[in-house]
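Values in this text are rule-based calculations from the coordinates and carry no lab data. Please read these numbers as outputs of a predicted model, since none were measured by experiment. Neighbour counts run over all protein chains shown; Cβ positions are idealised from the backbone, glycine included.
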Amino acid sequence: AVAMLLVLVLNPAAITSAGFHLSFAAVGALILLGLATGHPVGWFEKSRWLARSSVLTVWATTPLLVWHFGQFNLVGVGANLIAIPLMEPITLLAFAGLVLLPLDLHEPFFALAGYGAHAVNALATTVATFPLASLSFPPILWPLMACLAALGLWLILSQKPYGTLLSLALLTCLGAGGYLLNQQ
């Protein structure tokens with residue numbers, strides 16, 4: 001909330017930008033997931049949280065992507081499963097570099113963080129070439145996407161048995177529908 005207010009104080013026009021909407025929708029969804037599930041302990045729970053968070057952020061941003069760009073990305077779920085674990089050490093390396101900047105010991109940390117960021121960017125660039133990476137939807141369908149997203153989010157956040165799998169199945173059906181729509 002503080003970050004959102006700070007952004008809006010510094011740039012009130014940001015409230016109309018896609019980046020603002022997408023960033024805060026994804027972060028808000030992750031906060032809700034944390035509140036619903038607590039902090040994961042152990043590798044199995046962390047893996048489960050990663051899978052949930054990947055599907056959850058796709059659902060949280062899908063209506064906005066359709067509204068702003070008329071597009072939907074199904075393969076992002078899989079890419080997130082690789083990219084999200086990579087971002088933690090990259091962020092820690094960059095932060096360590098910032099802390100060590102006054103001592104002029106930052107360079108190796110920034111270099112390693114840069115290699116990691118480059119790898120994540122290469123992953124995103126590669127995934128963007130996959131089939132189903134970008135499915136077009138008429139922007140007028142964003143309210144339908146919002147209703148489907150609400151259902152997908154509820155399935156995950158309510159922690160129903162197999163809720164994440166059902167949510168992923170719904171997302172896959174949406175992707176299949178988008179694929180068929182794009183074939184016409």
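Taking θ = phi - 60°, what integer Hz values does the Karplus form 6.51 cos²θ - 1.76 cosθ + 1.60 yield along the stretch 140-156, in sequence order, with x for Gly and Pro?
Ordered by residue, 3J(HN,Hα) equals 5, 7, 4, x, 5, 4, 5, 5, 5, 5, 4, 5, x, 5, 4, 4, 7 Hz.
Based on the mean of other beta carbon atoms within 10 Å per residue, what is the order of 134-143, 100-109, 72-81, most packed first?
Highest mean packing first, the order is 72-81, 134-143, 100-109.
Add -39500 (n - 2.57) for each DSSP H run of 4 or more in the chain, then divide by its residues: what number comes out at 222 nm, to the nearest 500 deg cm²/dmol?
Computed ellipticity for the chain at 222 nm equals -26000 deg cm²/dmol.
Sorting check: for 5-14, 146-155, which peptide has the highest mean count of neighbouring beta carbons within 10 Å, and how do the rest follow?
Answer by packing, highest mean first, reads 146-155, 5-14.
What are the extents of the Cα atoms of the stretch 1-146 along their three principal axes, in Å, largest first?
54, 40, 34
Placing +1 at every Lys and Arg Cβ and -1 at every Asp and Glu Cβ, with all other atoms neutral, what dipole size does the chain have around its Cα centre, in debye to the nearest 20?
Dipole magnitude for the chain comes out near 480 debye.
Using only Cα atoms, what is the ratio of the radius of gyration of the stretch 88-184 to 2.2 N^0.38 Å?
With N residues counted in the stretch 88-184, Rg over 2.2 N^0.38 Å equals 1.61.
What is the distance in Å between the Cα centres of the stretch 31-71 and the stretch 157-175?
Result: 11 Å between the Cα centres.
On average over all directions, what projected area in square nanometres does the stretch 1-54 have, based on the convex hull of its Cα atoms?
Taking a quarter of the hull surface, the average projection is 4.2 nm².
With a cut-off of 8 Å between alpha carbons and a minimum separation of six or more residues, what is the relative contact order of the chain in percent?
Value for the chain: 26 percent.
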